[in-house]
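Notes follow once the structure below has been shown.
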Amino acid sequence: MRKILIVGATSAIAEATARLFAAEGDQLFLVARDVERLQSVADDLMVRGAGRVATATLDVCRYDRHGAVIDEAAAALGGLDTVLIAHGTLPDQKACEVAFELTREALEVNAVSVISLLTQVANRFEKHQAGTIVVISSVAGDRGRQSNYVYGAAKGCLNVFLQGIAHRLSRSGIRVLTVKPGFVDTPMTTGIEKNALWATPEQVARDIHRAIGGRRQVLYTPWFWRWIMRVVCNLPTRLFHRTRL
């Protein structure tokens, strides 16, 4: 029975993943901003078989609260062995291009707040020489593209940080899993036209759940995004600049 902290627990992917944890009787500590939505998710997970569910609200940009929330989770569950960080926003690229304040907000939510949480969690797990850290990033961080380079910059920063922290913690028996979804049909992507490349939160959740039990450090989900991004990242710059990606 795992003791799992989920930050961004009301996001579609996090909720779908939490349902898989609940079915196995895991104990869960859920963190999000929306009190009513958070309680609704918690109640649902108890019905689905979770061993225990506790909650806390958090504005992820309140960095001074991060340590206290992690301590609260550990106290409520009698320890922590797994942390899933799943919060994020999809900024309006065009708006960010003319308003730096929006760019800064996107970088704070999608990168800096996650890095703050990771610093706290890494130090806790390193002290105990055990633990699993799972972070939902994005394929957008693999190469800057005109359509979403602000979001991609945040995820690219996060990806490099995760590479470094995985390297640092590898000697302590702590596993770090970076999850890179492609297009996922969630409330965050409402209004964007969908096609065959889009996955459901449930598909991504199943991949995450399987990967937690394995050895890989980076998960592309669905699987074909590994190969799509390999092509995108290896296009020569002159050719790449002719695309409308």
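At-a-glance table
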{"read-out": "A73 in a helix (DSSP H, G or I), out of contact with any His (no Cβ under 7 Å at 6 or more places or on another chain), in contact (Cβ under 8 Å) with a residue 60 or more places away in the chain and at negative phi", "value": "yes"}
{"read-out": "Given (1) closer than 19 Å to A111 by Cα; (2) in contact with a Phe, Trp or Tyr (Cβ under 9 Å, 6 or more places away or on another chain); (3) not basic (K, R), index of the condition L28 fails", "value": "(1)"}
{"read-out": "Among (1) touching a residue at least 60 places away in the same chain (Cβ under 8 Å); (2) part of a helix (DSSP H, G or I), the one test that L84 misses", "value": "(2)"}
{"read-out": "Test: residue in segment 90-100 that is under 24 Å from L169 (Cβ atoms) and modelled with pLDDT of 95 or more", "value": "no"}
{"read-out": "Matching residues, segment 87-112, being closer than 23 Å to I13 by Cα, over 18 Å from the mean Cα position of the chain (by Cα) and in a helix (DSSP H, G or I)", "value": "Q93"}
{"read-out": "Single condition L245 does not satisfy, out of (1) modelled with pLDDT of 95 or more; (2) over 30 Å from R124 (Cα atoms); (3) in contact with a Lys or Arg (Cβ under 6 Å, 6 or more places away or on another chain)", "value": "(1)"}
{"read-out": "Out of T119, T57, T82, sole residue that is surrounded by fewer than 16 Cβ atoms within 10 Å (Cβ to Cβ), more than 28 Å from Y149 (Cβ to Cβ) and β-branched (V, I, T)", "value": "T57"}
{"read-out": "Count of residues meeting criterion [part of a loop (DSSP other than H, G, I, E, B), of a type in the set (G, A, S) and within 18 Å of T200 (Cβ to Cβ)] in segment 10-36", "value": "1"}
{"read-out": "Scope segment 203-227; condition exposed (fewer than 15 other Cβ atoms within 10 Å of the Cβ) and either of a type outside the set (K, R) or in contact with a helix residue (DSSP H, G or I) (Cβ under 6 Å, 6 or more places away or on another chain) (or both); matching residues", "value": "G213, G214, W223, F224, W227"}
{"read-out": "Test: I115 is outside any loop (DSSP other than H, G, I, E, B), closer than 16 Å to I4 by Cβ and either in contact with a strand residue (DSSP E or B) (Cβ under 6 Å, 6 or more places away or on another chain) or hydrophobic (A, V, I, L, M, F, W, C) (or both)", "value": "no"}
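The values are calculated or read from the model by the stated rules, or taken from the named source; none is laboratory data. On a predicted model such as this, the values are computed, not experimentally measured, just so you know. Virtual Cβ from ideal backbone geometry, glycine too; neighbours counted across all protein chains shown.
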